[in-house]
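The values are calculated or read from the model by the stated rules, or taken from the named source; none is laboratory data. Just so it is clear, the model here is predicted, and its values are computed rather than measured. Positions of Cβ are generated from backbone atoms using ideal geometry, with glycine treated the same way; all protein chains shown enter the neighbour counts.
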Amino acid sequence: MSPFDALRSRTVVLPHENIDTDRIIPARFLTTTQRSGLGRYAFHDWRYRTDGSPDPDFVLNRPEARGAQILVAGRNFGCGSSREHAPWALLDAGIRVVLSSEIADIFRGNALKNGLLAVVLSEGEHRYLLDHPGIELAVDLAAGQIELPDGGRFDFAIDGFARRCLLAGVDQLGFLLQQADAIAAFEQQRQREAA
Amino acid sequence: MKPRTLFDKLWDSHVVCAETADTPAVLYIDLHLVHEVTSPQAFAELRARGLGVRRPERTLATLDHSTPTTPPDDLGQYVYASEDAAQQVAQLETNCAEFGIALHGWGSAQRGIVHVIGPELGATQPGMTIVCGDSHTSTHGAFGALAFGIGTTEVGHVLATQCLLQRKPKTLAISVDGPLGPGVTAKDLVLHIIGRIGVNGGTGHVIEYRGSTIAALSMEERMTVCNMAIEAGARAGLIAPDDTTIAWLKGRPQAPRGVAWERAVTQWRTLKSDPGARFDREVKIDAREIRPTVTYGTHPGMVAAIDAPVPAAASAQDRRALAYMQVEAGRPMAGLAVDVVFVGSCTNSRLSDLRAAAELLRGRRIAPRVRMLVVPGSVAVQRAAEAEGLDQVFRAAGAEWREPGCSMCIAMNGDLARPGQLVVSTSNRNFEGRQGPGARTVLASPLVAAASALAGVIADPRDLLPQEQAA
C-alpha cells in the first residue's frame, strides 16, 4: 500500500445518494482473480452507453474531471456488497479521496485498507462541496484538515489506527501477525475451557 | 454484573486483545466461509508473504457466484458464462487444495450458496463469530451468531490469523410484535423494516430482532430477516437462539453430538440479551400493519405495500429512481407488467420458500409473457425439493428448474434480464442494473413472485390463498 500523506486536487462531484457498490463496479466484472486494472470498470454503466461509447454527459467523462483525485459523493456512498473491487476500481481510476456525509461501513473499511482515504464530513461541509463542484482542495491527513480555495478549513477525523497505517503506507496484516502470541493464548484458553 | 445485550456477549467472548484509543480490538473468528469471487486476491497475498492458513478446519469453501445454473453438457462439463468465470472457479479449487481447506465444489452433495450450506451443515452455530467475503453473511445471525461480511483484504487477515481488527459497533433493537397476516411472510416483514428505518438506518450498528413475531418465525424465516440486515446498512442482524434454533440444528452433520451437544445447548441458552440491557437505539414494529410488500425504486429502502400507492417522489433522486423503474407515483405496484420472475438467492431459496411458491403454482400455468427461473439454494435443497416433486410442479407450470447457485441475484454467471425487463425477484438488491444492465428489479416474497408469474403482472398472493386462510 502506498502511503497517504497529503494531496491537492480538484473535486469531481457525484451528488446521488446511496451510490451502491454495483454502481461503482458492476458484478459482471468481478470474475477477475486480480486486483489491478479495474479502473476501466469504475462506474461502468454510468460512464458508457449500451453501445459501449462513453457518455459525454457523465461527470467523470468531462474534460474538467480529468486528473481529479477527490470524489465528493452523495450520502451513504458505497452501500451494498462487500466487494473490495469497488475501492480497487476507484484507486485504479485515479481517485485517492472520497468525501461524503455518510459512507457505508464495509466500503469504508475496505477503502482505508487500500490507501483510499474515505472521510465523513458534516452535513454542512458536505453540502458546500456538493454545491461547489470542481474546486481545488488540499487534503492533509496528518493535520486532519481539508483546505478550501478561499482559505477556509474543514477538520476531519478517521480511525486513529487506520490513519497511522495510511500515513506509514503499511497494511494492517503486519499488526495482526504481531499478535500471534495473544491469539495462541486465546485458543489455548478456549481449549482448556472446553476440556 | 451490568446487564449485557446478546451482541455484547458474543463480542466479549471473542476479544483476543481489547480495543484501545490507538488500536481496534483483535476479534477471534470461529468460522470463515469462502467463495470464488472474493478470495483469489487474498490467497495470492498469502503466497506473496509466504503465509499459511492458520485454521483450515475453521474454514469452509464452496462455489456459488460465478457458477452456471444449467446442467452439465453431454460431456459432463459445466458451461460457464466466460473463460474468466471458469478460471475463477479453478483458482478456488487450486487454492483450497494447496492450503488444505475443505471445498464443497462440483460433485459435492453439500455444494450451494454459502449462506445456505453453512446452516444446512450445522457449521453455523449459536455463539460463533462467522465471516465471509460477502455482505449477506448477516444471514447466519439468525442462529445467534455474530456474522458479518468482510472485504478481500480481511479475508486474507482471517486466513492468516483467524482474527480481524474491529471497532465495536453500536446496537439497534428492532422489536416486532403481533401476528403476521395470511400471505404475509418474513420477506414482507424485512422489507417493511428496511422501509421504516431506511437503507442506511442500520449503518454502524448490529441489529437484534426481538419480540413475539420474531420468536414465532421458523429458522428459514429468521434467515430471510437477518439476511437483509445489510440492506439497512447494518453490519449484522441477530436473533437469540431458542427451542426453534436448537431443534433445527440437532443432528446436522457438523453440529455437536452426545455430551458435547448437551453442553453446547446449555451454553446456547445463555445467549440472549439480559433484562435491562441497554441498546443504543430501539425501534418498535407492529406486525399487524404489514401487508405483502414490494420495492418500487432502486434501493431496498424504497418499499410499499403491494396494493398501496407508490409514494410521490420527494427528491431528484426519487424521480430518477421512478423513471428508471418506469413506475408512476400514486398508483400501486400491483398490476405492473412482469417479464421475468426469479425465485432463489440466499434470501429465499430454501425448501420452505420453494414450497410456498410451488403451492400457488400447483396445477396452474404461468403467464405466457413471463420467464420464470427457480434456483434452489443448494444441492441439498434441490434434492429435497425433487423428492417432494416440487421440480415437477415448477416445470408443469412453465418455470425453469435450475441447478443451485446465486444466479440472477447477482447476475454474474450469465443468468440475467435484458435491458428494460421487469423482474419480480425474491433476492435482496434492486440496485440499477443489479440483474443485468437496464434491468428493473422488484424485490418480493416467494408468494408474490409466484402470484405475479401466474398473472403476468405484479399480483397480490392473498387473492390466490384458500378462503379460510385469506379470511
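Residue by residue through segment B:208-244, note down the ones that are within 13 Å of another protein chain (Cβ to nearest Cβ) and hydrophobic (A, V, I, L, M, F, W, C). Answer for segment B:208-244, where residues must be within 13 Å of another protein chain (Cβ to nearest Cβ) and hydrophobic (A, V, I, L, M, F, W, C): B:M228, B:A229, B:I230, B:A232, B:A234, B:A236.
Residue-by-condition table, conditions (1) within 12 Å of another protein chain (Cβ to nearest Cβ); (2) crowded, with 23+ Cβ neighbours inside 10 Å; (3) over 20 Å from A:L71 (Cα atoms); (4) among the aliphatic types (A, V, I, L, M):
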residue: A:V13; (1), (2), (3), (4): no, no, no, yes
residue: A:N18; (1), (2), (3), (4): yes, yes, no, no
residue: A:D22; (1), (2), (3), (4): yes, yes, no, no
residue: A:I25; (1), (2), (3), (4): yes, yes, no, yes
residue: A:F29; (1), (2), (3), (4): yes, no, yes, no
residue: A:R35; (1), (2), (3), (4): yes, no, yes, no
residue: A:G39; (1), (2), (3), (4): no, no, no, no
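Apart from one condition, A:R66 fits all of (1) under 24 Å from B:G204 (Cα atoms); (2) surrounded by fewer than 18 Cβ atoms within 10 Å (Cβ to Cβ); the exception is (1). Every condition in (1) crowded, with 22+ Cβ neighbours inside 10 Å; (2) without any contact (Cβ under 8 Å) to a residue 12 or more places away in the chain; (3) not charged (D, E, K, R) is met by B:A314 except one, and the failing one is (1).
Only a single item in (1) assigned to a loop (DSSP other than H, G, I, E, B); (2) modelled with pLDDT of 95 or more is not met by B:A61, and it is number (1).
Within the span defined as segment A:119-130, every residue fails to be modelled with pLDDT of 95 or more and within 18 Å of B:T23 (Cβ to Cβ). Of the residues making up segment B:278-300, not a single one is within 14 Å of another protein chain (Cβ to nearest Cβ), among the β-branched types (V, I, T) and without any contact (Cβ under 8 Å) to a residue 24 or more places away in the chain. Considering only residues in segment B:79-113 that are on the phi > 0 side of the Ramachandran plot and in a loop (DSSP other than H, G, I, E, B), the one that is surrounded by the most Cβ atoms within 10 Å (Cβ to Cβ) turns out to be B:G100. For the residues B:G76, B:G52, the requirement of being over 30 Å from B:Q435 (Cβ atoms), more than 10 Å from chain A (Cβ to nearest Cβ) and not in a helix (DSSP H, G or I) singles out B:G52. In segment A:58-131, counting only helices (runs of 4 or more DSSP H) that sit wholly within it, the ones holding 3 or more residues that are within 12 Å of chain B (Cβ to nearest Cβ) span A:85-92, A:105-112.
For segment B:268-275, the criterion of a residue being touching a strand residue (DSSP E or B) at 6+ places or on another chain (Cβ under 8 Å) and at pLDDT 95 or above is satisfied by at least one position.
So that you can scan it fast, the table gives a plain yes or no per residue for (1) in contact with a strand residue (DSSP E or B) (Cβ under 7 Å, 6 or more places away or on another chain); (2) at pLDDT 95 or above:
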| site | (1), (2) |
| --- | --- |
| A:F154 | yes, yes |
| A:R164 | no, yes |
| A:G169 | no, no |
| A:L176 | yes, yes |
| A:Q179 | yes, yes |
| A:A182 | yes, yes |
